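Engineer: This structure is in C-alpha cells; I'll ask about it shortly.
The values are calculated or read from the model by the stated rules, or taken from the named source; none is laboratory data. These numbers come from a predicted model, not from an experiment. Positions of Cβ are backbone-derived with ideal geometry, glycine not excepted, and every protein chain shown enters the neighbour counts. With ligands, DNA and RNA removed, areas are computed over all heavy atoms of the protein, side chains included. Shrake-Rupley method; radii C 1.70, N 1.55, O 1.52, S 1.80 Å.
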Amino acid sequence: MDYRPLEIEREIREFWEKNRIQEGLMEHSEKSNIGVLGWVEGPPTLNGIPHVGHARGRVIKDLWFRWRTMQGYFVPFWAGWDCQGLPVELEVEKLLGVRNKRELLERVGEERFIEECKKTIMRYHKEWVEADRKLGVFIDQKKAYWTYKDEYIEREWQYLKRAWEQGLLEEGYYVVAYCPGCQTSLSSAEVGYEGSYVEVEDPSLYFKFRVADKPDEYFLVWTTMPFTVITDLMLAVHPEAEYAKVQVGNEKWIMVKQRVEPVMQELGIKEYAVVETVLGKSLEGVKYDYPFKDLIPKQAELDSHPLVHRVVCEEFVDVNTATGVVHLSPGNGEEDFVAAQKRGVPVFAPFDDEVKFTSEAGFFQGVFARDADATVIEELRKRGLLVKADKIRHEYPTCWRSHHKLVWLARREYFLRTDRINDKVVAAAEKVEYFFEAPKNRFLSFLKEGKPWCISRERVWGAPLPIWVCEKCGTKTFIASKKELVEKALEKPPPNFELHKPWIDWIKMKCEKCGGIMHREPFVLDTWHNSGASPYARFTDEEFAKYVPAAFLTEGIDQTRGWANSLLLEHVILTGRAEAPYKAFLFQGLTQDAKGRKMSKSLGNIIEVNKLLEKASADVFRFYMLRKCSPIDFMNFDLNEMNRRPYQVLATLYHLNRFFVQNAEYDNFNPQKHTLRSAKEGGLLKKPDLWLLSKLQKTISDYTARLEKCEFNVALAELEEFVVETVSRLYVPMIRKELWTDDPETLNRRLAIYSTLWHVLKTTLLLFNPVTPFLCEAIYQKIYRRLDPTLPESINFEKWPEPDVSLRDGALEEAFEKMLECVSLVYSARQKAKLKRRWPLRKMLIVASERDLKALQNLNDVLLELANVKEAVYVEKLPEEVKAEVDAGRWIEASEKGINIYLDIYRDEMLLGEGLMRDIARRIQSLRKELGYVPTDILETVHVAGLDEESMKLLKPYIGEMAELVRAKKVQLHKSRNEIEAQWHEYPLDDKKVYIAIS
C-alpha cells in the first residue's frame, strides 16, 4: 500500500479529537514535568485568512512545543488573538463601504462599528482555528486570550500606570508620522516596517527665496514636498560649511560651495560664476522674504516674529546633496520641529484630520496637502521664484496597512518616553538569544535609535487611553481599573458596559482639584501596545511570575519593529529592570511565491492554508517549510517542489516501517520478549546492526543540538540522511537476505534484526514527531502500540530520545565509512564497464594502506554483499600479473582517498546466469508490489516466458535461488506464453522482453 498522507491525516485528526490527546497532553505535562518553559503566543491579527507565510511560523511554534513537551517540560502553549486596531478597522471599513473615518462616524456610528468589528474577528477566528486543526498545531484554544476583552484591557492599563508613576507617559505636541487614509498617527517603529518604503514619484523642485532688502540675492532651495512651502518658517545652513554667492545673470544665488557645479549642471546653467564665499555661521539670522504672505494671512502675522523667516545654523544640514540650504517647516518635519522648539519659534501646522489645510492656510484652505504641490509650484512661477520643476523617483514611507503616503505633522499626542530608559532597553535586549547574527544586529540597531513611542491613535476600535482631563483647570487623572472608573463616575454606568468607545467616553468625573467636569482623552492605544501587553495581560499574577520571561518566542522578521519591540519596551517599563520578557527570540524570514515575489492580493499569488490543505498533506507541508531553508531566510514557496522530495522522504519512512512490521509479524516478533538488550547479550547482533545503532546515537545527538540552535533545515537534513541513506539505502540491503528465509535455525538472528529495527525506527519516529505529527502518530498506533499495548496512549506522551553512549562506536562508524567508500568506488568502476549492480562479479582487488586494509577486512562479508562480488583480495601493492591484465582490459579501476579498487570484469556462464536471475527477480518483485502482495506472502508459482534458449540455459541452475529470493514455492520457465493460461505482464529486459505471471 502506498503512502497516502491525506487519508492518514483525516484518521489521526479524528483519533486526537475523539481521545482528547491535545487536552490530555496538556493536563499530563502540567502535573508531571521536569520544569516549566514559559510561552506567550504572538497573537495573529484577526483581519484576514491565514496563508502559507503565517503557517510557517505556526509550524515552528508547534515543533518547539511538541519537542519541549517530549523532553518533559510543561509549556503553556495557549492561543491568543489580536483583535483591535487599524488592521481590523480597515477591514471592517471595506466591508461597510466607507471611505474614511469621518464618513464612518457619520454613516455608521461608533456603536454599530464596534459590533461589526467583533463580528469580523469572530469570522476570521474560525478560519485560523481550522488552519491550526489542519496543520496539527497542538495549541490550546480553550485558554486563548483576546486583546479586546475588558479583563485583558484592565491588565494592559497596568503597564500605563507604571509609566504614569515613573513620569514616562506624557502628552506632547510633536511631529509624528500620520496616515491620511487611516486618519491617525503612527509610531516611529511602524514607519520602518518591512515593505513600508516603496518607490514613488514626487516633484523635484528648485526654487528661491529673496534675501530681505537685497533685491538681487536669493537662497537656492530644493524640496520634494512643495506643499511644505505653505508652512515654511526658517531656512537652515550648516555652520561650518563654505557657502558661495553664485552670479547667474543679474542675480546672486546662495548655496553650499561644493554643490555649485553639480547643481548648475542639473539646472542646465552654463554661464555662472562664484563671486563670493562665506561660512554658514555668518548667514545666521539673515531675513528672507516669504513669498506667500498675501495668500496666507497667518504667515504675514508670523513674519513679525523676530526669529521667523530667518536663517538658522544646524548640524543636520546635508551639504553633500541638493543645495545645502534646507527650508524648515516645523509643522511637517521632526528636525524642523526640534530646531523651532529650541529657539522658541512657533509651529505652524494648519491641517485637519484628513490632512486638508484649515482656514489658517488662507488661499489653500480645504486642499489636501499633497494636492497642493501643483498650486505651490504655479504660485512660485508667477512670482518669478521657480527655478526648475521636475519629477523624481525615490523611496518613500507608506502606511503599513493602507499603503497611503505618510505625511509628517505636528500634533497633540500621548507618548511613552522610552527614549529616557533606552539604556535599560538595549541592555535587556543584549541578554536575549537570537540564534543568528543578522536579525540580532538588525534588532539591536533599531532599538539604539531610542525614539519616544507615540501610543495614541485617533481611531475607534482599540483599548482606550485611561486618562481624564478637567475641562476647567486641565488637571489629569489616570484610571487603572474598571472598578476605579465606576467608583469615580458622576453617573454610574450600566453593569454590562465595556471598556470601549463610545461607552467609556460617556463616563464623566468630578475634578478633585477644582470640582470641574473631567472628560476622557479621546484617544485609543496603539494596537502594538495592546498586543505588547500580553505577557502580563494574558496571565494572572501567579502565572506571570511562573511563565515570564518566556523561554522562547518566534515571529516574522517584520516583527523587529512590531511585537518583539513593544513586548520589550512595555516589560522594562513594568518591571523597572533591564530584562526582556523573553529569553530567546527567533525572527523568521517571510514567505514569498515560487518566483520570489511578495504574496499579495493584487498579484493574486496568496496561498491560503485551508484551501491548500484540502488537497495537500499537512505533514509534507510541515516538513517542506522546515527543511527547505534556514528559518531566517526569505522562502520561495513552490508547490511542485513541496510534493517531490519531502513526499519521498516521508514515503521512505512509511515504507521502512511497513517493511519492518510485515517481516516481524511473519516471524512472531514480540517486542517485550525480543528486546535489543537480549539480542545484544545473546551475541546475535552483527556489525551492520551495531553500526546502525551507533549512527542512531550520533543522529539523536546532532539532531537535538541543531534544534537547540533553531537550525531546523540542517536538523532535518541529518534526519533525512539517516532515514533515506543510512537505514533504507545501506542497512536494509545489508540484512534483507537474512530476513527472506523461513529457516528455523536462523530465527533468533532474524528476531535480533527486528529488535534492532524496532528500536531504530521507533526512535526515528520520536525524532520526526514534532515535524510530521500525523504520520508519526499513525505509524505509532498501527505498528508500535499494536505490537506493544503497554506503550503510552499517543506518541506525544513518549519521552524525547537521548543518545546511549554504550551503543556509540566511533571506530566502527569510521570503518564502515571506509568500507562504503570502497562500495562507491566499485559502483563507479561498474559504471565505467557498463555492468549493472545486480550482476555479480568474481573478484575485486583492493590496494590500500595497512590500516585501511585491516578495517576493510573486518567488514569483508558486508563489503562483498553490497558490492555484489564473490571474493575480495586485500594488498598494499598491485601484483605485477594484475598490472598486465589491467592493461589488457580484464580489470577495471577506480580510486579515491588512497584506496584503489580493481574489478575483474570477466563473467563466465555461472555469473551471467546469476546476473540474469537477479534481473528477472527484480521484475518479479515489482509485479508482486503491483499486485498488492506484502513481502511475507508466499507465492504458489511464478511463470517466466519469452527467454531464448541461451538465456534459459543460463538461468536454470538458479531457479531454486530465484524462488527463495522472490518468496515463491516454485518458478517455472516457459518457451512460449501459450503453454499455460495466465495473466501475463510484459517487462523490458535489456534490449529484449520478458513475460511474467503469478498463479
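Engineer: Give the residues of segment 521-535 that are buried (at least 21 other Cβ atoms within 10 Å of the Cβ) and closer than 13 Å to ILE467 by Cβ, sorted by residue number. Please lay out each step first, then the result.
Structural biologist: First, the residues of segment 521-535 that are buried (at least 21 other Cβ atoms within 10 Å of the Cβ): 523-535.
The answer is PHE523, VAL524, LEU525.
Engineer: I've got another one for you. Please go through segment 944-999 and give me each residue that is open to solvent by 100 Å² or more (accessible area, probe 1.4 Å), closer than 26 Å to ASP743 by Cα and within 57 Å of the chain's Cα centre (by Cα), ordered by number.
Structural biologist: Result: GLU964, LYS969.
Engineer: Assuming PHE544 fulfils every condition listed in (1) without any contact (Cβ under 8 Å) to a residue 40 or more places away in the chain; (2) at positive phi apart from one, which condition is it?
Structural biologist: Going through (1) without any contact (Cβ under 8 Å) to a residue 40 or more places away in the chain; (2) at positive phi one by one, PHE544 breaks only (2).
Engineer: Out of everything in segment 734-759 that is in a helix (DSSP H, G or I) and of a type in the set (Phe, Trp, Tyr), what residue ends up being least open to solvent (accessible area, probe 1.4 Å)?
Structural biologist: Of everything passing the filter in segment 734-759, TYR754 is least open to solvent (accessible area, probe 1.4 Å).
Engineer: If ALA545 meets every condition in (1) open to solvent by 40 Å² or more (accessible area, probe 1.4 Å); (2) in contact with a Ser or Thr (Cβ under 8 Å, 6 or more places away or on another chain); (3) of a type in the set (Gly, Ala, Ser) apart from one, which number is that one?
Structural biologist: The one condition ALA545 does not meet is (2).
Engineer: Still on this structure: Inspect all residues belonging to segment 368-385 and state whether any of them is part of a loop (DSSP other than H, G, I, E, B) and charged (D, E, K, R).
Structural biologist: Scanning segment 368-385, I find at least one residue that is part of a loop (DSSP other than H, G, I, E, B) and charged (D, E, K, R), so the answer is yes.
Engineer: Let me ask you something else. Restricting to segment 885-905, name every residue that is β-branched (Val, Ile, Thr), surrounded by fewer than 20 Cβ atoms within 10 Å (Cβ to Cβ) and under 28 Å from GLU814 (Cβ atoms).
Structural biologist: Correct list: ILE899 only.
Engineer: Given the conditions (1) touching a Pro at 6+ places or on another chain (Cβ under 8 Å); (2) charged (D, E, K, R); (3) at pLDDT below 95, which single one is not true for ASP526?
Structural biologist: Among (1) touching a Pro at 6+ places or on another chain (Cβ under 8 Å); (2) charged (D, E, K, R); (3) at pLDDT below 95, ASP526 violates only (1).
Engineer: Please work out which one of (1) in contact with a Lys or Arg (Cβ under 6 Å, 6 or more places away or on another chain); (2) open to solvent by less than 10 Å² (accessible area, probe 1.4 Å) is the condition VAL137 fails and give its number.
Structural biologist: (2)
Engineer: Another one. I want to confirm something. Restricting to segment 229-250 and keeping residues that are open to solvent by less than 10 Å² (accessible area, probe 1.4 Å) and part of a strand (DSSP E or B), which single residue is farthest from GLY333 (Cα to Cα)?
Structural biologist: VAL246
Engineer: Related question: Just one of SER895, SER926, SER828 is part of a strand (DSSP E or B), within 53 Å of the chain's Cα centre (by Cα) and touching a residue at least 60 places away in the same chain (Cβ under 8 Å); which is it?
Structural biologist: When all the criteria are applied, what remains is SER895.
Engineer: For a quick check of your reading of the model, give me the residue pairs whose first member lies in segment 864-885 and is under 14 Å from ILE846 (Cα atoms), whose second is open to solvent by 70 Å² or more (accessible area, probe 1.4 Å) and part of a loop (DSSP other than H, G, I, E, B), with beta-carbon atoms closer than 9 Å and at least 6 apart or on different chains.
Structural biologist: These pairs meet every condition: ALA867/ARG837; VAL882/ARG890.
Engineer: Filter segment 950-997 for residues that are more than 18 Å from ILE938 (Cα to Cα) and either assigned to a helix (DSSP H, G or I) or in contact with a Cys (Cβ under 7 Å, 6 or more places away or on another chain) (or both) and give the result.
Structural biologist: Those that are more than 18 Å from ILE938 (Cα to Cα) and either assigned to a helix (DSSP H, G or I) or in contact with a Cys (Cβ under 7 Å, 6 or more places away or on another chain) (or both): GLU950, SER951, MET952, LYS953, LEU954, LEU955, LYS956, PRO957, TYR958, ARG977, ASN978, GLU979.
Engineer: Which pairs turn up if I take residues in segment 631-654 that are charged (D, E, K, R) and look for partners that are part of a helix (DSSP H, G or I) and open to solvent by less than 70 Å² (accessible area, probe 1.4 Å) with beta carbon separation below 8 Å, at least 6 apart in sequence or on another chain?
Structural biologist: GLU641/TYR624
Engineer: Based on what the data block shows, is ALA867 within 49 Å of the chain's Cα centre (by Cα), closer than 22 Å to LYS834 by Cβ and among the small types (Gly, Ala, Ser)?
Structural biologist: In short, yes.
Engineer: Return the pair list, or none, for Cβ contacts closer than 6 Å from residues in segment 150-166 that are aliphatic (A, V, I, L, M) to residues that are surrounded by 19 or more Cβ atoms within 10 Å (Cβ to Cβ) and assigned to a helix (DSSP H, G or I), at least 6 apart or on different chains.
Structural biologist: Sorted first by the residue in segment 150-166, then by its partner, the pairs are ALA163/ILE573.
Engineer: Restricting to segment 433-456, name every residue that is more than 28 Å from the chain's Cα centre (by Cα) and open to solvent by 10 Å² or more (accessible area, probe 1.4 Å).
Structural biologist: Within segment 433-456, just PRO452 meets the criteria.
Engineer: Inspect all residues belonging to segment 108-116 and state whether any of them is modelled with pLDDT of 90 or more, in a helix (DSSP H, G or I) and closer than 19 Å to ALA144 by Cα.
Structural biologist: no
Engineer: Okay, moving on. Determine, yes or no, whether ALA489 is in contact (Cβ under 8 Å) with a residue 60 or more places away in the chain, of a type in the set (A, V, I, L, M), open to solvent by less than 50 Å² (accessible area, probe 1.4 Å) and out of contact with any Phe, Trp or Tyr (no Cβ under 6 Å at 6 or more places or on another chain).
Structural biologist: Criteria not met by ALA489.
Engineer: What helices (runs of 4 or more DSSP H) lie completely within segment 1-97 and have 2 or more residues being over 26 Å from the mean Cα position of the chain (by Cα)? First the steps, then the outcome.
Structural biologist: Details: elements: 5-18, 21-31, 52-70, 86-96.
In segment 1-97, 5-18, 21-31, 86-96 are the helices (runs of 4 or more DSSP H) which contain 2 or more residues that are over 26 Å from the mean Cα position of the chain (by Cα).
Engineer: Report, by residue number, each residue of segment 146-188 that is open to solvent by 10 Å² or more (accessible area, probe 1.4 Å) and within 30 Å of LYS61 (Cα to Cα).
Structural biologist: Scanning segment 146-188 gives TRP146, TYR148, LYS149, ASP150, GLU151, GLU154, ARG155, GLN158, SER188.
Engineer: Can you report the number of residues in segment 416-432 which are touching a Phe, Trp or Tyr at 6+ places or on another chain (Cβ under 9 Å) and either in a helix (DSSP H, G or I) or surrounded by fewer than 16 Cβ atoms within 10 Å (Cβ to Cβ) (or both)? Show your work before the answer.
Structural biologist: Applying the first criterion (touching a Phe, Trp or Tyr at 6+ places or on another chain (Cβ under 9 Å)) to segment 416-432 yields 416-419, 429, 432.
Remaining after also requiring either in a helix (DSSP H, G or I) or surrounded by fewer than 16 Cβ atoms within 10 Å (Cβ to Cβ) (or both): 418-419, 429.
Of the residues in segment 416-432, 3 are touching a Phe, Trp or Tyr at 6+ places or on another chain (Cβ under 9 Å) and either in a helix (DSSP H, G or I) or surrounded by fewer than 16 Cβ atoms within 10 Å (Cβ to Cβ) (or both).
Engineer: Test PHE348 against the stated conditions and say whether it is open to solvent by less than 10 Å² (accessible area, probe 1.4 Å), out of contact with any strand residue (DSSP E or B) (no Cβ under 6 Å at 6 or more places or on another chain) and closer than 18 Å to ARG412 by Cα.
Structural biologist: Taking the combined requirement at face value, the residue satisfies it.
Engineer: Of the conditions (1) closer than 30 Å to GLY362 by Cα; (2) buried (at least 19 other Cβ atoms within 10 Å of the Cβ), PRO215 clears all except one; give me its number.
Structural biologist: If we test PRO215 against (1) closer than 30 Å to GLY362 by Cα; (2) buried (at least 19 other Cβ atoms within 10 Å of the Cβ), just (2) comes out false.
Engineer: Determine if segment 959-970 includes at least one residue that is basic (Lys, Arg) and out of contact with any Ser or Thr (no Cβ under 8 Å at 6 or more places or on another chain).
Structural biologist: no
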